[in-house]
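The values are calculated or read from the model by the stated rules, or taken from the named source; none is laboratory data. Keep in mind that this is a model prediction, so the values were computed, not measured. Neighbour counts are summed over all protein chains in view; Cβ atoms, including those assigned to glycine, are modelled from backbone coordinates with ideal geometry.
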Amino acid sequence: MDGELTKGPVPRWQKKLEASEASSSLNVTKSGLSAAYNPNLSGTSVATKTPCKSWDTKKKKSQTPNKCPKTPGGGGDRFIPNRGSTNFELGHYLLKQDQEKSENDEENEGNSNANDDKPTPAKLEHRKLISESMQVADSKTTRILSYQNKAPPAPEFHVNPLKVVYTTKTPLSTKSGSRYIPTTSERILDAPDIINNFYLNLLDWSTDNIVTVALGSCVYLWNAGTGSIQELVEYEEGDHACALSWIQDGGIVELWDCAKVKRLRVMDGHSARVGSLAWNSYLVSSGSLDGSIVHHDVRSRDHKVATLNGHTQEVCGLKWSPDYKYLASGGNDNLVNVWTAVNEGGVSTANEPLHVLNQHQAAVRALDWCPWQSNVLASGGGTADRCIKFWNVNNGSLLNSVDTKSQVCGLLWSRTYKELISAHGFANNQLTIWKYPSMVKQAELTGHSSRVLQLALSPDGSTVMSAGADETLRLWNCFAPDPHTTKKSSSATKKPNQSALRQCIR
C-alpha cells in the first residue's frame, strides 16, 4: 500500500506537461515547413489537403482528412495558385522596397548615428539598374490591369447598333429629359440701330411667317420663308415705333395694311408713348407710359372702348390668355395685374383688376400664358428681382418662384414640349430653357454680346427669334419636334371668314 501506484488515472500535472511538450513540437514542425519552402517551384495549380497529425505521443491512430480541425480560412483545404504565372520576383522587390523605406524612416527618427546602414549612392544606382532590367514600373502610377496595345478596329462593313447613344446630332426623347437642344443659333441677322430699351416691344412674328421689327426710325418686314425684306414705314427724324404686334387671324393707334403697305387709320387715346400691345380678335389693347391701358375696337369709328387704370407707372407688358378670358399687364411699378375677360357683347366695364400680384421687386415686362393650362401665368422681373414667378389666376395664388440670377427680359412657353424659354441680360445675355414644372435647366443658349431685348416664336412653334442689344437677330431651332415620335402635326388649314385686316400690324 505504501509503494508507488502504477495503475489508475494519469495525474493532472502530467497531462499539462504532455500538452506543453506537444505544443512545442507543433511549433518546431511548422517552422521547419516554412524554412523548407522553395519559391522556385513551378507547375499547374494544385488543390491539396493539409495532412492532419495527432499531437498525442501516446496515441498513434490516424485521422481521416474529413475529421481535421477546421482552419479560419474555411475547412482544411487550401488553394495553391499557379506559380508559373505569378511574378514572385516583382512582388518580392516591391515588398522589400517598402520594408527598407519604413526601416530607414524608423532609423532616422530613433538614431541619428545610423548613417552607415543607409544605402550608398552606389547601392541606389545598382538597385535602379536592377529595376530597369526587371522592367519594374512605378507602382503608384501604373495600372495593375491594362491592355498593352489598343483594341483592333472593327471591320469597315461593321455597323454599330448603339451609335445613337453617343451621336449628338440625333434628338433624344424628352421623357428622360435628355433630348438634344442646339445651343448655337441657326441663323444670325443684322439689326442695326435697334433701340436698347427694356420697356419697348419692337419684335413680333405673324401666323403668316412674317417677322416685323423696328430698327431706328424704320419698321421692316422679313419673310422667314423666302428671306425677302421690305421696309414698311420710315418715321421722321427723332420719331420711332415703340411697339409692334400682329393680329391673330391674319392685322392695327396706327393700323397698317402690310400687303398694300398702306396705313389704314390712326387711333389715339394715350397722353404718352405706347410701349406694349396685345391683340384679342378685333380688339387691340395698348399700354402706355402714362400707366393706362386702352382697348381699341378696330371695326368701329369710335375705336376707344374702355380705359383701365391699374398702374402708377409705365405699362411695359401686355398678354391675353389663350382662351381670351384674362388680360395680364406688367408695369414699371413692379405690379402684375390680371383683368377680367372680354365679353361677347364687348369689354367688361370693371375698372379694377381681378388680381393685383405684387411680389416682384422690379419692373415686370416678361409675361406669357401656359398654352396647355390657360389659368397659369408666368412673369419675369427686372434687374432688382431676377425671378420667374408662376401664378394661378383662378385664385391669384403664387405657384412657384425661381431665381434666375439675371434680368428677365422675355418669356415664351413651348407648344411642343412642357418647357419654357427665358431671355436674360447681364451677365451672360443668354437664353435659358426650363423644364416645367420642375424648373430644371435643360440648356443655355449663348451668343448675344448684350442683353436680349425680346423673343418671338415661329408659327410652327419650333424656332425662337431673339433680338439683342448687340444689334443682331438670332434664330434658335430649340423646340423642333422629335422625329422619332409617331405623332404628326396636322397640316395648317385656312380659317373661315378671314378678316379683311389680314397681314396687318400695330
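Results, tabulated for the structure shown:
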| item | result |
| --- | --- |
| Scan of the range 362-401 for residues that are among the aliphatic types (A, V, I, L, M) and either surrounded by fewer than 19 Cβ atoms within 10 Å (Cβ to Cβ) or part of a loop (DSSP other than H, G, I, E, B) (or both), ordered by number | ALA362, ALA363, ALA384, VAL393, LEU398, LEU399 |
| LEU412 vs. criteria at pLDDT 95 or above, surrounded by fewer than 14 Cβ atoms within 10 Å (Cβ to Cβ), part of a strand (DSSP E or B) and not β-branched (Val, Ile, Thr) | no |
| Check on VAL305, buried (at least 22 other Cβ atoms within 10 Å of the Cβ) and either in contact with a Gly (Cβ under 8 Å, 6 or more places away or on another chain) or among the polar types (S, T, N, Q) (or both) | no |
| Extreme residue, surrounded by the most Cβ atoms within 10 Å (Cβ to Cβ), among residues of the range 449-486 that are of a type in the set (S, T, N, Q) and outside any loop (DSSP other than H, G, I, E, B) | SER466 |
| Filter pass, ARG187 being modelled with pLDDT of 90 or more and among the basic types (Lys, Arg) | yes |
